[in-house]
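Report on the structure given below.
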Amino acid sequence: MATRSQWIEGARPRTLPAALTPVIAATALAVYDDGFVWWKALLALVVSLALQVGVNYANDYSDGIRGTDDERVGPMRLTGSGAAAPGQVKRAAFAALGVAGVAGLVLAATTSWWLVVLGALCMAGAWFYTGGKHPYGYAGLGEVAVFVFFGLVAVMGTYYVQTEHLSWPAWAAAIGIGAMTSAINVTNNLRDIPSDTASGKRTLAVILGDGGTRIFYTWLMVIGSLSLFAIASATTWWVLIALAHLLIATPAIRRVLTGAQGPALIPVLGATGKAELVWAVLVAVPLVLV
């Protein structure tokens with residue numbers, strides 16, 4: 001039976017900033033637009049965190065039973081390592097997705113029922129990333145889904161449930177966060193190119209190849225930085241203090257561009273998540289205080 005620390009590691013805590021950042025940025029924009037609703041922001045955070053944990057456990061389960069994780073060089077996986085039975089990991093994934101579903105239903109009931117459809121698509125996206133007979137994560141679409149669900153949907157959804165309208169700065173934040181969250185996924189897939197190629201998992205990294213993936217990662221991080229100028233131009237130029245995230249992002253980009261491989265890419269994963277979190281927090285501060 002897996003230990004508590006192994007379950008925590010299986011939830012992939014290095015990826016959790018990807019769940020925090022859209023809620024932080026979107027809620028700050030709601031505050032700026034005088035539309036902040038604290039309990040809806042809290043429920044949006046529950047949805048985002050639960051979806052992230054759910055997709056992580058679902059990925060662990062699906063990759064594990066397919067044998068994709070048999071030759072991992074990254075952090076331990078519960079199913080692939082045999083630390084937990086596949087059924088246990090599957091139930092953990094469904095439990096997390098269930099929490100997201102309940103919180104999402106409350107938001108839909110108090111905002112608009114069409115959000116139920118959006119929530120159902122998010123949960124389906126979480127499961128079929130690596131689950132089912134034809135997982136889209138095995139067809140090079142993982143980064144597209146991450147950009148849509150953890151960027152566009154997460155930011156715009158959090159903003160909309162509080163303000164009940166959409167705005168240009170929110171779209172800019174959604175694009176920036178979607179790009180950086182996709183960069184987290186790219187880091188994972190860059191590290192796993194050898195094992196994914198051997199197992200037949202055609203991620204976008206496998207399709208682009210090692211060199212192309214490193215350039216792609218860099219451009220995603222650049223887009224995240226450039227989006228700050230779009231947000232600042234429509235709100236306050238103090239938002240540009242968030243460029244300080246480059247103090248964390250630049251060393252990670254340098255490591256990627258200089259050819260780090262295998263376990264050497266694990267720190268890049270953590271640094272990318274931290275850079276994204278710093279981006280969101282430093283965007284939020286001036287928006288809330290202005």
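Taking helices (runs of 4 or more DSSP H) that fall entirely within the stretch 191-259, which contain at least 3 residues that are under 30 Å from Leu289 (Cα atoms) and of a type in the set (Val, Ile, Thr)?
Details: elements: 193-199, 204-234, 246-257.
Correct list: 204-234.
Tally time: how many residues in the stretch 13-40 are in contact (Cβ under 8 Å) with a residue 60 or more places away in the chain, open to solvent by 10 Å² or more (accessible area, probe 1.4 Å) and over 18 Å from Met123 (Cα atoms)?
Number satisfying all stated conditions: 11.
Looking only at residues in the stretch 41-72 that are of a type in the set (Val, Ile, Thr) and more than 20 Å from the chain's Cα centre (by Cα), which one is surrounded by the fewest Cβ atoms within 10 Å (Cβ to Cβ)?
Residues of the stretch 41-72 of a type in the set (Val, Ile, Thr): 46-47, 53, 55, 65, 68.
Pick out the ones that are also more than 20 Å from the chain's Cα centre (by Cα) and you get 65, 68.
Working: Ile65: 16, Thr68: 24.
Filtering the stretch 41-72 for residues that are of a type in the set (Val, Ile, Thr) and more than 20 Å from the chain's Cα centre (by Cα), the one surrounded by the fewest Cβ atoms within 10 Å (Cβ to Cβ) comes out as Ile65.
Would you be able to say whether some residue in the stretch 232-252 is within 22 Å of Gly142 (Cβ to Cβ), crowded, with 23+ Cβ neighbours inside 10 Å and touching a Ser or Thr at 6+ places or on another chain (Cβ under 6 Å)?
Residues of the stretch 232-252 that are within 22 Å of Gly142 (Cβ to Cβ), as a first pass: 249, 252.
Filter once more, so that each one left must be crowded, with 23+ Cβ neighbours inside 10 Å: 249, 252.
Of the ones still in play, those that are also touching a Ser or Thr at 6+ places or on another chain (Cβ under 6 Å) are 252.
Looking for residues that are within 22 Å of Gly142 (Cβ to Cβ), crowded, with 23+ Cβ neighbours inside 10 Å and touching a Ser or Thr at 6+ places or on another chain (Cβ under 6 Å), one finds at least one in the stretch 232-252, hence yes.
Name the single residue, out of those in the stretch 111-120 being in contact (Cβ under 8 Å) with a residue 24 or more places away in the chain and within 19 Å of Ala19 (Cα to Cα), that is surrounded by the most Cβ atoms within 10 Å (Cβ to Cβ). Step through it out loud before you land on a result.
Kept after step one, since they are in contact (Cβ under 8 Å) with a residue 24 or more places away in the chain, are these residues of the stretch 111-120: 111-112, 115, 118-119.
So of that shortlist, the ones also within 19 Å of Ala19 (Cα to Cα) come out as 115, 118-119.
Values: Leu115: 18, Leu118: 16, Gly119: 21.
The extreme case among them is Gly119.
Of everything in the stretch 138-196 that's within 17 Å of Gly209 (Cβ to Cβ) and among the acidic types (Asp, Glu), which residue is surrounded by the fewest Cβ atoms within 10 Å (Cβ to Cβ)?
Asp196
Could you please find all residues in the stretch 130-161 being in contact with a Phe, Trp or Tyr (Cβ under 9 Å, 6 or more places away or on another chain), in contact (Cβ under 8 Å) with a residue 40 or more places away in the chain and under 16 Å from Gly119 (Cβ atoms)?
Listed by number, the residues that qualify are Val155, Met156.
Out of all the residues in the stretch 216-231, which are of a type in the set (Val, Ile, Thr) and either farther than 18 Å from Gly178 by Cβ or open to solvent by less than 10 Å² (accessible area, probe 1.4 Å) (or both)?
Listed by number, the list holds a single entry, Ile231.
Which of the residues spanning the stretch 261-277 are open to solvent by less than 60 Å² (accessible area, probe 1.4 Å) and farther than 19 Å from Ala30 by Cα?
Within the stretch 261-277, the first condition is being open to solvent by less than 60 Å² (accessible area, probe 1.4 Å), and the residues that meet it are 262, 264-266, 268-273, 275-277.
Those that are open to solvent by less than 60 Å² (accessible area, probe 1.4 Å) and farther than 19 Å from Ala30 by Cα: Gly262, Ala264, Leu265, Ile266, Val268, Leu269, Gly270, Ala271, Thr272, Gly273, Ala275, Glu276.
If Gly131 satisfies all but one of (1) surrounded by 21 or more Cβ atoms within 10 Å (Cβ to Cβ); (2) of a type outside the set (A, V, I, L, M); (3) farther than 27 Å from Ser199 by Cβ, what's the number of the condition it fails?
Among (1) surrounded by 21 or more Cβ atoms within 10 Å (Cβ to Cβ); (2) of a type outside the set (A, V, I, L, M); (3) farther than 27 Å from Ser199 by Cβ, Gly131 violates only (3).
Among residues belonging to the stretch 278-290 that are closer than 14 Å to Trp237 by Cα and of a type in the set (A, V, I, L, M), point out the one that is surrounded by the most Cβ atoms within 10 Å (Cβ to Cβ).
Val283
Is it true that Arg12 is among the charged types (D, E, K, R), in contact with a helix residue (DSSP H, G or I) (Cβ under 8 Å, 6 or more places away or on another chain) and farther than 21 Å from Ala172 by Cβ?
Details: among the charged types (D, E, K, R): yes; in contact with a helix residue (DSSP H, G or I) (Cβ under 8 Å, 6 or more places away or on another chain): yes; farther than 21 Å from Ala172 by Cβ: yes.
Here the answer is yes, as Arg12 does meet what is asked.
Would you mind stating whether Ala92 is open to solvent by 20 Å² or more (accessible area, probe 1.4 Å), out of contact with any strand residue (DSSP E or B) (no Cβ under 6 Å at 6 or more places or on another chain) and at pLDDT 90 or above? First the steps, then the outcome.
Values: open to solvent by 20 Å² or more (accessible area, probe 1.4 Å): yes; out of contact with any strand residue (DSSP E or B) (no Cβ under 6 Å at 6 or more places or on another chain): yes; at pLDDT 90 or above: yes.
It is true that Ala92 is open to solvent by 20 Å² or more (accessible area, probe 1.4 Å), out of contact with any strand residue (DSSP E or B) (no Cβ under 6 Å at 6 or more places or on another chain) and at pLDDT 90 or above.
Exactly one of these conditions fails for Val23: (1) closer than 27 Å to Pro286 by Cβ; (2) out of contact with any Leu (no Cβ under 9 Å at 6 or more places or on another chain). Give me its number.
The single condition Val23 does not satisfy is (2).
The values are calculated or read from the model by the stated rules, or taken from the named source; none is laboratory data. All values reported here derive from a predicted model rather than from experimental measurement. Glycine also receives a Cβ, built like all others from the backbone with ideal geometry; neighbour counts cover every protein chain displayed. For the accessible areas, the whole protein counts, side chains as well, though only heavy atoms, and no ligand, DNA or RNA atoms are used. Shrake-Rupley method; radii C 1.70, N 1.55, O 1.52, S 1.80 Å.
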